[in-house]
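The values are calculated or read from the model by the stated rules, or taken from the named source; none is laboratory data. Owing to the predicted nature of the structure, the values given are computational and were not obtained by experimental measurement. Glycine also receives a Cβ, built like all others from the backbone with ideal geometry; neighbour counts cover every protein chain displayed. What goes into the accessible areas is simple: the full protein's heavy atoms, side chains included, and nothing from ligands, DNA or RNA. Shrake-Rupley method; radii C 1.70, N 1.55, O 1.52, S 1.80 Å.
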Protein chains: 4
Amino acid sequence: MRSFASDNWSGVCPEIMEVLNEVNKDHNPAYGELNDEITESAIAKFKEMFGENTKVFFVYNGTAANVLGIHHLIKSYHAVVAAHSSHINEDECGAPEKISGSKIYTVDTFSGKITPDDVKPFLKSLGFQHHSQPKLISISQVTEKGTVYDVTEIKELADFAHANGMFLHVDGARIANAAVSLGVDFKTMITDTGVDVLSFGGTKNGLMFGEAVVFPDGAKARDFEYLRKQNMQLHSKMRYIAAQFDRYLTGGLWKKNASQANNAAKLLESQLKKTGFVKITREVRANGVFAILPAEIIEKLREKYYFHIWDSSTHEVRLMCSWDTTEEDINGFISLLRMLVP
Amino acid sequence: MRSFASDNWSGVCPEIMEVLNEVNKDHNPAYGELNDEITESAIAKFKEMFGENTKVFFVYNGTAANVLGIHHLIKSYHAVVAAHSSHINEDECGAPEKISGSKIYTVDTFSGKITPDDVKPFLKSLGFQHHSQPKLISISQVTEKGTVYDVTEIKELADFAHANGMFLHVDGARIANAAVSLGVDFKTMITDTGVDVLSFGGTKNGLMFGEAVVFPDGAKARDFEYLRKQNMQLHSKMRYIAAQFDRYLTGGLWKKNASQANNAAKLLESQLKKTGFVKITREVRANGVFAILPAEIIEKLREKYYFHIWDSSTHEVRLMCSWDTTEEDINGFISLLRMLVP
Amino acid sequence: MRSFASDNWSGVCPEIMEVLNEVNKDHNPAYGELNDEITESAIAKFKEMFGENTKVFFVYNGTAANVLGIHHLIKSYHAVVAAHSSHINEDECGAPEKISGSKIYTVDTFSGKITPDDVKPFLKSLGFQHHSQPKLISISQVTEKGTVYDVTEIKELADFAHANGMFLHVDGARIANAAVSLGVDFKTMITDTGVDVLSFGGTKNGLMFGEAVVFPDGAKARDFEYLRKQNMQLHSKMRYIAAQFDRYLTGGLWKKNASQANNAAKLLESQLKKTGFVKITREVRANGVFAILPAEIIEKLREKYYFHIWDSSTHEVRLMCSWDTTEEDINGFISLLRMLVP
Amino acid sequence: MRSFASDNWSGVCPEIMEVLNEVNKDHNPAYGELNDEITESAIAKFKEMFGENTKVFFVYNGTAANVLGIHHLIKSYHAVVAAHSSHINEDECGAPEKISGSKIYTVDTFSGKITPDDVKPFLKSLGFQHHSQPKLISISQVTEKGTVYDVTEIKELADFAHANGMFLHVDGARIANAAVSLGVDFKTMITDTGVDVLSFGGTKNGLMFGEAVVFPDGAKARDFEYLRKQNMQLHSKMRYIAAQFDRYLTGGLWKKNASQANNAAKLLESQLKKTGFVKITREVRANGVFAILPAEIIEKLREKYYFHIWDSSTHEVRLMCSWDTTEEDINGFISLLRMLVP
């Protein structure tokens, strides 16, 4: 089966699968404890990528990375400011509210991106005891709309947050795709801009499971290990997450995978445009393409290449490319599309 | 490295690793949705094992299986009754309290096992609005002390629970070792006794990650999928958990692995006894051996074969065997032990 | 000091103060337990008002009545649908999210009122495990904008809620003002329309402290007493809340107080209109008047008669009348206003 | 009705009732905001009593004072160490667990008092990520067993707590009775010993409602106002709580009331001893008397003078005196007791 449903429909990339097989021998300290070498090695790779002061913690999935990163930095009477379309607001079944007890103030935005000006109105609540106190800005990089924040935009948000006693969280489920899109490394995009906590995704870019909560300033990570354990996110056979990240951050694997996905999206975009009857609705910056397709062929097309309908009223669909999306996939999709629209 | 630290220090058994490699191709619906075949197949295996009415949900780890199984059945003003030594009380960093908001009433017990008579005193709180209302009994099978409940003991607890409007939860992190120890199948031990929810462990018996929350009476599982998602336990690339369980429940793999672990523990027990200077402190029913070792050799022994000190005041240690523990491991351990005690 | 700030700036009405003095003698069972006569009498009054199947629980304040009424009926993975301007969304510092763990889906509305059509779009989330499941509609009667739902509008919402497996909650912090405005009794407005749970306010209409959580269908109240206690809302000297409500529901005291407040608002509205330079911005249905005042006189006016600025960009203010607002108050306010605007 | 059930069965003392009547006029800022004079005056009294750095927050009841004081100082992965018999562990329906998400480690103790030696064993969990981290010691002064900590004992606990990175909380539901018993002022007992947060009770000593959360070092109180509001404990008509505390701390009213209660207990103790057939089971230090009564007369005695049976197996009962307990009450009780035991 081939699809454009989501980058989590794809499998595990060969390099990651190989390393999982490799580390599968003998005994290893559980929970990454007792200076487990595999875990230590992966942590060292993160320090290389994000700077020496970095602290990193492995959790199971992106929901947990987002929720716990936020939960760690704020109290229940604080509020998160985020795009209405953000994953934490729309697609985590209320996990941030349940787990952290806090509220989300949302910003309506077509692009999926927010700016300091979007956050400002919420500052009126500061000091008013009847209102949740805005304390953290959360952005997605890549956004849920396929758009990407430029480095300067992230820095502006971080500066604004800090100037107002707030934190900046980045949901980086597709952070590799963003880095490739911007042509920058993680340190430039995250550490140097002042991001306080990052959900560093891997699953959508070729890993089997596991995400990382990254604190570029490790001092802010104090006691996070207890929060992780209490919130059911400490893996016993830690080596199997650690080894994946160790490999992922070696030899540019993350970049190779993300590049393939982003390039596929670019190719798909251009092929869709060429049809003449497909409208691209949002700027294609990473691995997602949003487009309006002829209504009557959508179901037929989905039978062969599954994808998500974004807005059923306008027939806008989301076509997501992955580390394993091939030219053949795209050609097959476009051929079928053309065939269905005579 | 070889150890007797814990069954989660061992790796993934070859059969499971093989199936992980096998399913690693093409695209697959995320989250087990859209009737993902691999997930459906695994679910079918659980129904074979536990009966047709069973509902099963895959989560990431044992903490989550325990906490969410309990959380689902009770309200925050309810209380869980459990052994003081239970994992949910002692080793989950307060996860049950945080996630479910409920309280744990604990029973002191040397064996790690509790009986209806242990629970009875807590029933006095029923109907008294100032006390958390006892609503669920939680037992571990195998217990944290290496002991095992007989089938009739489980049934008595389930009957007692139901007669008092309560539920019975089983923490089955080592449920396969218990089944092998008792020589019964899961249906006999769990479904037929009336257990309401089971944390079905796999990680400690050869899996890489993933545990299953099993409701033998599926009607009690209603809406559990939302609880799982909100509590950060829904895996996107679900096939990699499902495939493991599918294989685990095929051809008696669970039994093979657990048998090797249990047999190793029996061998270890008898070898320890033969030394003449080691006291076995608790009945060896599954894969754990509790013993008092000569104080002065413990650290030396741990350097080569790591294990946990259970009670530093009495020098009681826990030696845990795994699916991969070999005769060679045991012989090596015993030899070193004998060498260290001249 | 006289003000139009809020109906909770006023004191306790004489009849309530009198009864507090009266019941202040001898010993009385704490917590309303052991069939405390004062508590039983107050409960009986609620049954008279709302019907024989009613269950009522006294709590300390409106936040608690709202949050616990909602918390009792839904699970953490459910969502409340409410007006964005609702008190539970805007003015309780995130209490619903923290205490119940659930999410609020908000509807933008100028009038503060919502309709079934506003709720419908959220039903798309039903059955989708990634979204909080809409399970309860919460409305305010009187709304935060001073508007009032007609009885038929409440019934339509209740019918819609029930047809979709949802509940209807009413924040009745000013329920007496609504009843007077509509000229109906509580049973007609709440029980007969099918409201599932009501926060029955008293503090804003002449009580010292205490609100009541009313379940017209008592079967839905099961175990609420434990929720109340665990959430820190069980008063020990219960007689002092119970006696207030007992008196409040006797001889139409609630109606007398609310009528005075509503009439004062009507008078204030007409006097404001007569000035020629004040714009009434929202329909005056109960005891609140929203109006645009000349910007330059607002602060001066507030020095003598404090009131809240609703929208500083448009100079819309809220003038709230209370059970103790007199003609003299209004005349004084209008005189000053006219004096300030030459 | 007269009773020895609990000090919350008694009413409001005349001085407090009088002040409630007095402040009941005109309008007053809600929530204690805008420098409400009555609230400011009460706060000033607390500063007089506890020192200039004190911050105090009024809440509704003792459960809230305890839970929020603790919740404010710790995180969910922390643990409270307390006597098993403490109110927070036994009589708040799991409120601390639900609201703060944390765990309680309990100490078994006959006297109701704990010492640094009781806390020490829990320190082993420090730094071990699988265990809730002990972070706060909570004691009750007076304890639930009627005993009282000496000032030096409190200081030892505070010093021990601080030396181990922990806090000390005092549940002072009967703090006035303890102060009278020890013959010390609050500053000596609480501020000078280093207590971090105190639940300052009033309801059990003559108030109608309201308790105070006192931080002798106000710096530790930062943002508590949001915690209070979010947890449903901010009273709108704040003057009615503030005025009570203002009066309570004026002219030694707290001392007068507590003295009467303590003296009554002493008298009751001596009269019970004189009977020859009643055994006093615990030291009488404040206003509670624990005694073993002849089993066969307990019910008869309770019909006239209700009291709580503490341990039905030994026929130990608790006789609680109050600010309003008179010699006549005690004489009547003793007479009936003697009459029932021929």
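Assorted remarks:
- Number of the condition not met by residue B:93 [criteria: (1) part of a helix (DSSP H, G or I); (2) within 14 Å of chain D (Cβ to nearest Cβ)]: (1)
- Residue list for segment A:130-146, restricted to those being small (Gly, Ala, Ser) and farther than 17 Å from residue A:204 by Cβ: A:132, A:138
- Residue in segment C:136-156 that is within 14 Å of another protein chain (Cβ to nearest Cβ) and more than 25 Å from residue A:105 (Cβ to Cβ) present: no
- Filter pass, residue C:171 being in the same structural domain as residue C:89 (by TED's automatic domain parsing) and part of a strand (DSSP E or B): yes
- Filtered residues of segment D:20-33 (kept if more than 9 Å from every other protein chain (Cβ to nearest Cβ) and surrounded by 22 or more Cβ atoms within 10 Å (Cβ to Cβ)): D:32
- Residue match in segment D:215-232 (condition: within 14 Å of another protein chain (Cβ to nearest Cβ), part of a loop (DSSP other than H, G, I, E, B), over 30 Å from residue D:321 (Cα atoms) and among the small types (Gly, Ala, Ser)): no
- Residue that is touching a residue at least 12 places away in the same chain (Cβ under 8 Å), within 14 Å of chain A (Cβ to nearest Cβ) and surrounded by fewer than 21 Cβ atoms within 10 Å (Cβ to Cβ), where the choices are D:118, D:108, D:36: D:36
- Qualifying positions in segment A:6-19 - more than 7 Å from chain B (Cβ to nearest Cβ) and of a type in the set (A, V, I, L, M, F, W, C): A:13, A:16, A:19
- Residue in segment C:240-256 that is open to solvent by less than 10 Å² (accessible area, probe 1.4 Å), assigned to a strand (DSSP E or B) and either hydroxyl-bearing (Ser, Thr, Tyr) or assigned by TED's automatic domain parsing to the domain that holds residue C:21 (or both) present: no
- Odd one out for residue B:47, checked against (1) touching a residue at least 24 places away in the same chain (Cβ under 8 Å); (2) under 27 Å from residue B:259 (Cα atoms): (1)
- Qualifying positions in segment B:46-62 - β-branched (Val, Ile, Thr), open to solvent by less than 10 Å² (accessible area, probe 1.4 Å) and out of contact with any Gly (no Cβ under 7 Å at 6 or more places or on another chain): B:59
- Inside segment C:4-49, residues that are of a type in the set (D, E, K, R) and under 23 Å from the mean Cα position of the chain (by Cα) make up a count of 5.
- Residue in segment A:219-226 that is of a type in the set (A, V, I, L, M), at pLDDT 95 or above, open to solvent by 10 Å² or more (accessible area, probe 1.4 Å) and under 21 Å from residue A:189 (Cβ atoms) present: yes
- Qualifying residue in segment D:58-76 (condition: away from chain A (no Cβ under 14 Å) and part of a loop (DSSP other than H, G, I, E, B)): yes
- So residue D:260, is it of a type in the set (S, T, N, Q) and within 24 Å of residue D:95 (Cβ to Cβ): no
- Boolean, residue A:82 is modelled with pLDDT of 95 or more and either surrounded by fewer than 23 Cβ atoms within 10 Å (Cβ to Cβ) or more than 12 Å from every other protein chain (Cβ to nearest Cβ) (or both): yes
- Residue match in segment C:39-57 (condition: modelled with pLDDT of 95 or more, outside any helix (DSSP H, G or I) and within 12 Å of another protein chain (Cβ to nearest Cβ)): yes
- Count - residues of segment B:281-312 that are free of Cβ contacts under 8 Å to residues at least 12 places away in the same chain and either within 16 Å of residue B:9 (Cβ to Cβ) or part of a loop (DSSP other than H, G, I, E, B) (or both): 4
- Counting the residues of segment C:89-105 that are open to solvent by less than 20 Å² (accessible area, probe 1.4 Å) and among the β-branched types (Val, Ile, Thr) gives 1.
- Evaluation of residue B:236 against (1) touching a strand residue (DSSP E or B) at 6+ places or on another chain (Cβ under 7 Å); (2) within 14 Å of chain C (Cβ to nearest Cβ); (3) open to solvent by 10 Å² or more (accessible area, probe 1.4 Å) (one fails), failing number: (1)
- Scanning segment B:121-157 for residues that are open to solvent by less than 20 Å² (accessible area, probe 1.4 Å), of a type outside the set (A, V, I, L, M) and under 17 Å from the mean Cα position of the chain (by Cα) turns up B:138, B:140, B:141, B:143, B:146, B:147, B:149.
- Number of the condition not met by residue A:265 [criteria: (1) of a type in the set (A, V, I, L, M); (2) in contact with a helix residue (DSSP H, G or I) (Cβ under 7 Å, 6 or more places away or on another chain); (3) part of a helix (DSSP H, G or I)]: (2)
- When segment D:320-342 is filtered for residues that are in a helix (DSSP H, G or I) and under 30 Å from residue D:15 (Cα atoms), the ones remaining, listed by number, are D:327, D:328, D:329, D:330, D:331, D:332, D:333, D:334.
- Answer residue from segment D:126-144, given it is of a type in the set (Ser, Thr, Tyr) and in contact with a strand residue (DSSP E or B) (Cβ under 6 Å, 6 or more places away or on another chain) and is nearest to residue A:34 (Cα to Cα) among those: D:132
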